[in-house]
1. Highest mean first, what order results for 293-306, 442-455 on Cβ atoms within 10 Å?
2. Applying 1/(1 + (r/R0)^6) with R0 = 22 Å to the Cβ-Cβ distance of S722 and N751, what FRET efficiency is obtained, to the nearest 0.05?
3. Could you derive backbone 3J(HN,Hα) for segment 65-78 from the dihedral phi with the Karplus parameters 6.51, -1.76 and 1.60 (θ = phi - 60°), listing whole Hz in sequence and x where the residue is Gly or Pro?
4. Using only alpha carbon pairs under 8 Å that are at least six residues apart, calculate the relative contact order of the chain and give it in whole percent.
5. If the cut-off is a Cα-Cα distance under 22 Å, which lysines reach K943, setting aside same-chain residues fewer than 8 apart in sequence?
6. Grab the eigenvalues of the alpha-carbon gyration tensor for the chain, scale each by 5, take roots, and send me the semi-axes largest first in whole angstrom.
7. What fraction of the Cα pairs in segment 775-938, stated in percent, has a spacing above 29 angstrom?
8. Could you estimate the translational diffusion coefficient of segment 667-770 from the Stokes-Einstein equation, with Rh from the Kirkwood formula over C-alpha pairs, at 25 °C and 0.890 mPa s, in whole µm²/s?
Amino acid sequence: MKLLKLKLFFTAFTMLLLNNAIASIGTPKHTYNYYVPSAVEIVGKETATIYVDKNAEKGVLRAVQDLRRDIKAVTGKRLEIVHEITDISGQAIIIGNIATDPVLSELQTGNKADFSAIKGQWDSFTLQTVNIPQADISKALVIAGSNKRGVIYGIYDVSLQAGVSPWYYWADVPIKQSKTLYSKIDKPIVEIPKVKYRGIFLNDEAPALSNWTQKNHGGYNHKFYVKVFELLLRLKGNYLWPAMWNNAFADDDAQNMILADEYGIVMGTSHHEPMMRADKEWDRDGEGEWRYSTNAENLKDFWVRGVKRNAPYESLYTMGMRGREDKAMEEGENIALLERIVADQRKILQNHITDRELDEIPQVWCLYKEVQAYYEKGMRVPDDITLLWADDNWGNIRRLPTQDEQSRAGGAGVYYHFDYVGGPRSYRWINTVPITKIWEQMHQAYAYNANKIWITNVGDLKPMEFPIEFFLSMAWDPEDFNRSNLSEYGIAWAEREFGAKYASQINSLIEGYTRHNGRRKPELMSPDTYNLMHYNEANRVEQELTEMVTMAERIYQEIEQSKKDAFFQLVLHPVKASANLTKLYIATAKNRLYAAQGRSYTDEYRLLAKKLFKLDADLKQQYDQLNGGKWQHFMDQAYIGYESWNAPPVNTMPVLHEYQPHEGAEMGLQVEGEPTAFPAKSWFSLKFDSLGQQERTIEIFNRGSKAFSFKVNTSDDWLKISEMSGKVLNLKELKIAIDWSKLKAGNHKGNVQIRGTSYQRANISVEVTKIEEHIKNTAKGFVESDGYISINAANFSHNQGARGHRWQVIEGLGRTRDSSTIAVFPKTYVSFEVDEPHPVVEYNVSFTSSGTFPIEVYTLPTLKMFPNKKMRLGISLNDQPIQVIDLSLKAKGNVWADAVRNSVNKAISQLKVKTPGNYKLKLHMFDPGLGIEKIQIDTGGLKPSYLGPPQSVKL
């Protein structure tokens, strides 16, 4: 059964069609809030009675109570729970574990129900409706699991469809009200997870989460953790690495481990905390130094105590050893010692967990940072230990199983990050991860069989709600998701939480703010990020953010009162906070530039920046006051004012300049693209061509406090100026364009002179190229203009596959809202040689000039995931020789740091264009893993910018 029941055709002509096209989250529809013929009446004319065996696991009995509570919250009706099936007459909900429940055994034996599909499966469940399961029961909804968790997942699936969001507590999503509930399942629903361990890591938890838990629960005790356990189970997760910065899960509260096991959560410890002992426990319970070469016996005793404590509970043991507090071992790369450590740890497990064979005790070795180097240099662990490969802390997986490693009994998994403390800069404040990025990476993990463990670092848990649910949903069944349906998932999620009316808009807001934060994490933002001079970049970014804020605020005003708190947390706050921070930096950039230029209104941007800084604080305060202060402290993390990789102690206002204009009148002038302004510079130049940007801006500004008059003179009548004269108090924007009808094909020169006060003259020479009509008429594809060609990679003209592999579009994965990424699918180990057929994608391009031109191909910052392969990209023009570029990034060094800062890696080469005309630009795939977003060719006019110029005209 699939998580997303997607339709191939999606349209928004009417709300009805939109609703029909939206995917639903969870299992196929089985619970309805209106009458359905032949359905089980959970709450209708009759009210169903819940049966569960009194000897069922404590976690199941607890979840049954949750189901009763959920149904009462939806309908107002409290269902009766019985432990004898003979106590029921009428309608029933029968809940149980197929391995232990006698009633389910009778249903199977009597051919009333069929549980064979989940027998022996891990964490699986089936939902079925059964007619007359017992003499006095007319109809029953059966929730059956293959194990304790399977039963619980089935229970919560009914709660979900009844109207209870997994985020009812953690994000205040209101429970949907309905007087009736019916369940009808024509064909048994069967759900079997494809990734065995699916979990989250609460990490980097101070100050935000730590302050919140201290205020609300007195620390990281069971009162806090049971809320996390329940959330995980409602999201079909089963695995947790607990908070560990200044905490020790099992030692802080003895009930933590007991209740985790009762709930059904498999507990682990992080990548540097072996044998179920928290890092901080060594300070409390260890003796000597954390150094195996000199203190092995004390370390072994420490680990023995941890294994004895955890032996009764379901645990996944982290093996190996790193240094204290997430550092490398002091012994260095002593592979023999490390292998001895693992061997000694396994002896401890074997000696103290006696109810299972050693290879049946779940064990994991996390190859994080330097530990991966140990493996690559020859360190090995027994085959039954799962290899947990890690990303580079920035969402790019460092390594996946090779073909030879596929045979390991322990398999492989992935440790991923939504949050990180470290270089090139920590990011901890807000969600910065588009689900398109998660899908692109984790799809590869699944394709290469890293499917034993998926765990992600979620920081403080809030505000990562959306990516957490996506990650765990994808872990349940990666095959439900593909490169084209991610937006539909977002719409379905928004509809579930907020209703159909705004679902599409809410999804566009989530896509928008995560794309914005994903292309440059907020902690990496600075006044220099978006260019003020070229391609109107800063203003375009600001306008896009303003549009998102306007939409989010409008929905917030219109949405039902009961949904406002949830909408603020999940949509409005991240949109407004992300936009506000960017606007703060853009206002700071303008303040600094305008101060250097002496603009009279410089101080307006100083005051605007201060206002935006205060608005940031106000947003935090608003978050703190939500729902009576329920979420106070979750925005305590500082993120403004970074000076190094680590966070500042508090948010710090950027340096601003104050400029006092003199009492006279003095003209200043800036020409688009020129950082130096008049009067520091008096001669400027602008270039136009008939296929390029059709309008440029000239800013006339006052350097004093008294208004002045300006007058424009032009050398030719084909120069069009929006205003030829006027007065300037602060700023006047003039638009300059060309009347092409008055020009013949070829090159032309003209001049614009702008007079200010009597002695002031600014001159702008204008060079114009009008493309000959026959060139324009014969041009094909993306045409050179303004000194460059810019192409969004998804807009190819031809796609040639090879051996079943071809370039495909990952929709929405890009740094701008009009871009997507292309990559080669399916994901296999196949590499191609340059001289054999291989996947090629082509772009029609037309040059109006000739020469040797630099080309940059923007690629995803994907790492070299296999030690025996490279990451080669080929570039060619027509039938010229293929230029092969190796993009094998490693998770360190300046090139990698730049790539993750900018969210792109760049393949740089040159193209030789002998004569103007039409060409075919080709990109060649030789190795798996590469993703391409943008191509830009500099024919002499490309300007610096963060996002690159807009896409060129296509003819």
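Values quoted throughout were computed directly from the atomic coordinates according to the rules given, and no laboratory measurement underlies them. Quick caveat: nothing in here was measured; it's all calculated off a predicted structure. Virtual Cβ from ideal backbone geometry, glycine too; neighbours counted across all protein chains shown.
1. 442-455, 293-306
2. Efficiency computed from Cβ-Cβ geometry: 0.80.
3. Values, residue by residue: 4, 4, 4, 4, 4, 5, 5, 5, 5, 7, 10, x, 9, 9 Hz.
4. Once divided by the residue count of the chain, the mean separation gives 9 percent.
5. K590, K681, K687, K735, K749, K770, K906, K912, K934, K954
6. Each semi-axis is √(5λ); the values are 55, 32, 30 Å.
7. 16 percent
8. Numbers: Rh = 14.0 Å.
In µm²/s, the coefficient rounds to 176.
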